[in-house]
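Trainee: Below is one structure. I have some questions about it.
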Amino acid sequence: MADPWQQCMDYAVTLARKAGEVIREALKEEISIMIKSSPVDLVTVTDQKVEKMIISSIKEKYPSHSFIGEESVAAGEGSILTDNPTWIIDPIDGTTNFVHRFPFVAVSIGFVVNKKIEFGVVYSCVENKMYTGRKGKGAFCNGQKLRVSGQEDITKSLLVTEMGSNCEPETLKLVLSNMERLLSIPVHGIRAVGTAAVNMCLVATGGADAYYEMGIHCWDMAGAGIIITEAGGVLLDVSGGPFDLMSRRIIAASSRAIGERIAKELQIIPLQRDDATN
């Protein structure tokens with residue numbers, strides 16, 4: 001039987017490339033910045049322009065599909081996940097990087113049917129790296145098959161995470177304390193490139209052994225989540241339980257052993273879910 005979603009995936013790759021061109025062009029201009037929830041939660045005209053371009057293009061081709069987009073949600077639209085085919089879009093993952101021209105900026109498109117991720121596309125557009133993952137078909141970067149490191153010993157692992165955009169003292173204390181707990185296991189080190197999607201893709205390439213974070217959103221994880229699992233990795237909740245796309249928290253690891261070991265150390269940061277209706 002033909003793959004029913006392959007055409008959608010090919011279209012997502014085309015749109016991600018097109019969005020990447022818009023972003024690379026914008027990097028040459030003066031960047032106009034706006035603030036969302038806090039002075040470090042930024043949005044630019046380019047974020048909004050790229051999301052509008054992607055969503056309007058898909059709507060035209062697949063009018064019955066649903067959408068969850070970072071900037072649409074910021075503008076007041078809901079993010080309830082149904083069984084309908086749903087495109088989950090982050091037009092610029094790494095907006096702060098984009099604003100500073102720090103060279104890790106990604107377009108992330110995840111496609112979910114019956115609440116399960118079918119495919120993901122992450123285009124790291126400054127590096128010109130196109131990461132793709134399709135359920136049951138493997139994960140690739142620029143056509144090369146990806147495989148996680150398979151590392152099972154936490155003391156030999158390199159982790160990736162982010163500080164996040166929540167600078168409230170209590171949250172910061174937990175973020176830094178979690179880092180300290182992991183570093184003193186000890187692990188080889190902790191890195192941050194400023195985009196959840198690229199951090200996760202680095203685990204899929206074997207370049208890092210695990211990524212964890214609390215406070216991100218479904219649009220940060222949907223594209224790269226399937227790339228990790230198709231490269232042989234695992235997705236877990238930060239409690240060590242099953243991963244939940246709408247929970248705003250994740251451990252993406254090269255092996256279950258490392259994922260569960262990280263979960264043991266993490267103190268949970270309380271968060272409102274993406275699909276909370278109030």
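The values are calculated or read from the model by the stated rules, or taken from the named source; none is laboratory data. Treat the numbers as computed from the prediction; the structure is a model and nothing was measured. Methodologically, a virtual Cβ is constructed for each residue, glycine included, from the backbone with ideal geometry; neighbour enumeration extends over all protein chains shown. Ligands, DNA and RNA are excluded from the accessible area calculation, which covers all protein heavy atoms including side chains. Shrake-Rupley method; radii C 1.70, N 1.55, O 1.52, S 1.80 Å.
Trainee: Taking Ser79 as the residue in question, decide whether it is out of contact with any Ser or Thr (no Cβ under 7 Å at 6 or more places or on another chain), at pLDDT below 95 and within 23 Å of Ala276 (Cβ to Cβ).
Mentor: Details: out of contact with any Ser or Thr (no Cβ under 7 Å at 6 or more places or on another chain): yes; at pLDDT below 95: yes; within 23 Å of Ala276 (Cβ to Cβ): yes.
For Ser79, the condition - out of contact with any Ser or Thr (no Cβ under 7 Å at 6 or more places or on another chain), at pLDDT below 95 and within 23 Å of Ala276 (Cβ to Cβ) - is met.
Trainee: State all residues of the range 141-167 that are free of Cβ contacts under 8 Å to residues at least 60 places away in the same chain and open to solvent by 80 Å² or more (accessible area, probe 1.4 Å); if no residue qualifies, say none.
Mentor: Of everything in the range 141-167, those that are free of Cβ contacts under 8 Å to residues at least 60 places away in the same chain and open to solvent by 80 Å² or more (accessible area, probe 1.4 Å) turn out to be Asn142, Gln144, Lys145, Lys156, Met163.
For (1) modelled with pLDDT of 95 or more; (2) of a type in the set (Gly, Ala, Ser); (3) touching a helix residue (DSSP H, G or I) at 6+ places or on another chain (Cβ under 7 Å), each residue gets a yes or a no:
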{"site": "Val148", "(1), (2), (3)": "yes, no, yes"}
{"site": "Thr155", "(1), (2), (3)": "yes, no, no"}
{"site": "Glu168", "(1), (2), (3)": "no, no, no"}
{"site": "Leu174", "(1), (2), (3)": "yes, no, no"}
{"site": "Glu180", "(1), (2), (3)": "yes, no, no"}
{"site": "Gly194", "(1), (2), (3)": "yes, yes, yes"}
{"site": "Asn199", "(1), (2), (3)": "yes, no, no"}
{"site": "Ala204", "(1), (2), (3)": "yes, yes, yes"}
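Trainee: Okay, moving on. Which of (1) hydroxyl-bearing (Ser, Thr, Tyr); (2) within 30 Å of Val99 (Cα to Cα); (3) more than 12 Å from the chain's Cα centre (by Cα) does Tyr211 not meet, given it meets every other one?
Mentor: It fails just one condition, (3).
Trainee: In the range 102-131, what residues are outside any loop (DSSP other than H, G, I, E, B), open to solvent by 20 Å² or more (accessible area, probe 1.4 Å) and farther than 20 Å from Ser66 by Cα?
Mentor: Within the range 102-131, Lys129 is the sole residue that qualifies.
Trainee: Residues in the range 43-61 that are open to solvent by 30 Å² or more (accessible area, probe 1.4 Å) and either over 21 Å from Pro85 (Cβ atoms) or not in a helix (DSSP H, G or I) (or both): how many? Give the steps one after another, and end with the answer.
Mentor: Residues of the range 43-61 that are open to solvent by 30 Å² or more (accessible area, probe 1.4 Å), as a first pass: 45, 48-49, 52-53, 56, 59-61.
Narrowing the set further to residues that are either over 21 Å from Pro85 (Cβ atoms) or not in a helix (DSSP H, G or I) (or both) leaves 45, 48-49.
Number satisfying all stated conditions: 3.
Trainee: How many of the residues in the range 231-268 are among the charged types (D, E, K, R), in contact with a Lys or Arg (Cβ under 7 Å, 6 or more places away or on another chain) and under 26 Å from Gly138 (Cβ atoms)? Please lay out each step first, then the result.
Mentor: Kept after step one, since they are among the charged types (D, E, K, R), are these residues of the range 231-268: 237, 244, 248-249, 256, 260-261, 264-265.
Adding the requirement that they be in contact with a Lys or Arg (Cβ under 7 Å, 6 or more places away or on another chain) leaves 237, 248, 265.
Subset that is under 26 Å from Gly138 (Cβ atoms): 237.
Number satisfying all stated conditions: 1.
Trainee: Further, regarding this structure: Taking into account only those residues within the range 62-76 that are in a strand (DSSP E or B) and within 18 Å of Ala196 (Cα to Cα), which is modelled with the lowest pLDDT?
Mentor: First, the residues of the range 62-76 that are in a strand (DSSP E or B): 66-69.
Checking which are within 18 Å of Ala196 (Cα to Cα) leaves us with 68-69.
Details: Ile68: 93, Gly69: 89.
Among residues in the range 62-76 that are in a strand (DSSP E or B) and within 18 Å of Ala196 (Cα to Cα), the one modelled with the lowest pLDDT is Gly69.
Trainee: Same structure, new question: Tell me the residue from Arg256, Arg273, Arg181 that is open to solvent by 50 Å² or more (accessible area, probe 1.4 Å), over 25 Å from Ala12 (Cα atoms), in contact (Cβ under 8 Å) with a residue 40 or more places away in the chain and touching an Asp or Glu at 6+ places or on another chain (Cβ under 9 Å), please. Quick ask: steps written out before the conclusion?
Mentor: On the way: Arg256 fails: in contact (Cβ under 8 Å) with a residue 40 or more places away in the chain; Arg273 fails: in contact (Cβ under 8 Å) with a residue 40 or more places away in the chain.
From the options Arg256, Arg273, Arg181, the qualifying one is Arg181.
Trainee: If you don't mind, another one. For the range 4-38, how many residues are in contact (Cβ under 8 Å) with a residue 60 or more places away in the chain, assigned to a loop (DSSP other than H, G, I, E, B) and either among the β-branched types (Val, Ile, Thr) or open to solvent by 30 Å² or more (accessible area, probe 1.4 Å) (or both)?
Mentor: Looking only at that region, the number is 4.
Trainee: Ok, one more. Where residues in the range 259-270 are assigned to a loop (DSSP other than H, G, I, E, B) and either touching a residue at least 12 places away in the same chain (Cβ under 8 Å) or touching a His at 6+ places or on another chain (Cβ under 8 Å) (or both), which of them is nearest to Val160 (Cα to Cα)? Even if it seems obvious, please write down each step before you answer.
Mentor: As a first pass, look at the range 259-270 and keep what is assigned to a loop (DSSP other than H, G, I, E, B): 266-270.
Checking the rest, the ones that are also either touching a residue at least 12 places away in the same chain (Cβ under 8 Å) or touching a His at 6+ places or on another chain (Cβ under 8 Å) (or both) come to 266-269.
Details: Leu266: 14, Gln267: 17, Ile268: 17, Ile269: 18 Å.
Residue satisfying both the conditions and the ranking: Leu266.
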